[in-house]
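The values are calculated or read from the model by the stated rules, or taken from the named source; none is laboratory data. Fair warning: this is a prediction, and the values are worked out from it, not measured in the lab. Here the Cβ positions follow ideal geometry from the backbone for every residue, glycine too, while neighbour counts run over all protein chains shown. Heads up: the accessible areas ignore ligands, DNA and RNA and are worked out on the full protein's heavy atoms, side chains in. Shrake-Rupley method; radii C 1.70, N 1.55, O 1.52, S 1.80 Å.
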Amino acid sequence: IVHRDVAGDAPPDAPRELLLGTPFYRRFLVSDTGDTAGLLLATDLGDDPAAPRRLVEAVRDAVRPLEDAGFEVQLVGPPVLNVALDAASQREARRSFPLAFGLSVVVLALLFRCLRTTAVAVACAGLTLLWTFGAVGLAGVPLNMITSVLPSLLWVLSLAGAIHVLRRFQAQRARGSEMEPALRAALAETAWPCVLAAVTTALGFAALLAATMAPVRELGAFAALGLLFSLLANLAVGPRLLRWLRPPAPGHLALRRDRIGWQRLPFLHPAGVVAGAVGLAACAALGIARIRVDSDPLAFLPDHSEVVRDYAAVARDLTGYYALEVTVDVPDGWQHPEAWPALASVEQALAGEPGVARVLSPLDLLRQLRSWREGDPAAYALPESDAEAQRLLSELGPLVQDAAFPLVADDGRSVRLAALVNVMSSRDFGVIEARAHEAVAALPVPLSGTVTGIVPQLVEAQLSLVETQIRSFGLAFLTIFACLWLGFRSLRPVALAI
């Protein structure tokens, strides 16, 4: 379009010279060297969780002819990153769960020394997963980067409850009890502790329902539900399986536990235990003081990931891949020279931040029109008068009147400045956002502005996660230990648990 409408009948190399000689295009749609070009897509994906994946697949299909022709193509942006993170988390879940399954079965076999007893534990944990993910599917909730940890998490927690019952059952059998009395005694000793353990853990996960982010709430809800399912499996289905499989008595295996030396450690060396605990607490306090809140979404992906390489290439050769938006209300219209210094000050404040690759504003439009009219890239500057600005805008034709024009709205009384950001750390985001707020606060009356865009959203999401952890921890603390008090009916064991 530029070649046709501006370069006209110029030689074929004219578009390259025009793009490289025009400040508006550089670090936005073309690299400084001219060997990388950019295509910007404005998306509206709605609430469909599958929409980002379909969009990314469609874009990859669209650019495949370019790749077949030998061009290097990089795709970046929130939809691309979200799809990559979800895919990576699902791959990790598929890889980690078989590992957790295999290791746990080996440990159970060494612990129980009985294939049938091991099979009961595995069956109870398997039923927990089956029931829980049946509920996930019936609820229509897709697995995402957070909820993909549920399989391994519920598998391990469910096995923990089953081990208590089965180990106590083995101990009773080793002392000579018959099958039915041993099972009844094991349930009598472990049922109430298992109920307390499962319910308190479920309450801890249920506290995540106070989160503002839907994936965190889903994790809390289905983890809590899964733990209640595990209680049903371990205390109801497990005993029926034991009656059916009738595992043999383990001899004196269960009675050899008192030979383990570490069980006598708190009694033989009480002072050493206390000193060690205090020392570890002191080291932990030093470590906690060094914790900082930060996140980099790309850190969840391996360094050799195609998406990580694409982000690095775009940041290095072209432009930013996130936008911080500043919307400025200009009651008298942005086309008048009186408003330009204030808008330019916001531009300069954002452009001065190291993580900002480029700032786009309506002032670029005026600078570009003046450069085109003069036919000289050196004329890329603001008009010298209101009349000149109006002439330039009238020459532009219907473009600025089009509702799709992305930088001007409300008949020119509202304008948008977009800072293209090429950093991923939320700490760096926070610095850029703070600078934008400072620039908006410095706007002269009657101008006013707001800061928005995906960068503030990411910062807000980070702070929301921290707030969620604090709020859910407080809620879990109160509900869990209230439940423990109901179970123990004594404050001293509750204090010990705390």
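Miscellaneous remarks
- Residue count, the range 451-466 (criterion: out of contact with any helix residue (DSSP H, G or I) (no Cβ under 7 Å at 6 or more places or on another chain) and under 27 Å from W340 (Cβ atoms)): 2
- When the test is whether a residue is within 24 Å of Y322 (Cβ to Cβ) and outside any loop (DSSP other than H, G, I, E, B), D411 does not pass it.
- Candidates V431, V445 - the one that is under 26 Å from L343 (Cα atoms), free of Cβ contacts under 8 Å to residues at least 12 places away in the same chain and out of contact with any helix residue (DSSP H, G or I) (no Cβ under 9 Å at 6 or more places or on another chain): V445
- Flag if R113 is at positive phi, basic (K, R) and at pLDDT below 95: yes
- Just one of the listed residues (G140, G70) is surrounded by fewer than 14 Cβ atoms within 10 Å (Cβ to Cβ), over 30 Å from L45 (Cα atoms) and free of Cβ contacts under 8 Å to residues at least 40 places away in the same chain, namely G70.
- Annotation: V293 fulfils all but one of (1) among the aliphatic types (A, V, I, L, M); (2) without any contact (Cβ under 8 Å) to a residue 24 or more places away in the chain; (3) part of a loop (DSSP other than H, G, I, E, B); the unmet one is (2).
- Unique match (being at pLDDT below 90 and either part of a helix (DSSP H, G or I) or open to solvent by less than 40 Å² (accessible area, probe 1.4 Å) (or both)) among V195, V199, V216: V216
- Annotation note: Cβ proximity below 8 Å between a residue of the range 153-178 that is open to solvent by 10 Å² or more (accessible area, probe 1.4 Å) and a residue that is charged (D, E, K, R) (sequence gap 6+ or interchain) occurs for R168/E189.
- Residues that are among the polar types (S, T, N, Q) and not in a helix (DSSP H, G or I) were ranked within the range 352-408; the one that is modelled with the lowest pLDDT is S385.
- Sub-8 Å Cβ pairs linking a first residue in the range 244-257 that is over 9 Å from R116 (Cβ atoms) and of a type in the set (A, V, I, L, M, F, W, C) to a second residue that is assigned to a loop (DSSP other than H, G, I, E, B) and at pLDDT 65 or above, at least 6 apart or interchain, are A249/G176; L253/R113; A254/R175; L255/R175, ordered by first then second residue.
- Residues in the range 315-341 that are surrounded by fewer than 19 Cβ atoms within 10 Å (Cβ to Cβ) and in contact with a Pro (Cβ under 6 Å, 6 or more places away or on another chain): P331 only.
- Options R95, R116: the member that is without any contact (Cβ under 8 Å) to a residue 60 or more places away in the chain and basic (K, R): R95
- Residue check, L475 touching a helix residue (DSSP H, G or I) at 6+ places or on another chain (Cβ under 8 Å), touching a residue at least 40 places away in the same chain (Cβ under 8 Å) and farther than 30 Å from R292 by Cα: no
- Test for T190: is it among the hydroxyl-bearing types (S, T, Y), open to solvent by less than 30 Å² (accessible area, probe 1.4 Å) and either part of a helix (DSSP H, G or I) or in contact with an Asp or Glu (Cβ under 8 Å, 6 or more places away or on another chain) (or both): yes
- Selection of the range 466-482 for residues being open to solvent by less than 60 Å² (accessible area, probe 1.4 Å) and either under 30 Å from L350 (Cα atoms) or touching a Leu at 6+ places or on another chain (Cβ under 6 Å) (or both) yields V466, S472, T479, I480.
- The range 104-133, subset more than 13 Å from W155 (Cβ to Cβ) and aliphatic (A, V, I, L, M), residue surrounded by the fewest Cβ atoms within 10 Å (Cβ to Cβ): L110
- Just one residue in the set R427, R413, R435 is within 27 Å of A42 (Cα to Cα), open to solvent by 20 Å² or more (accessible area, probe 1.4 Å) and touching a strand residue (DSSP E or B) at 6+ places or on another chain (Cβ under 7 Å); that residue is R413.
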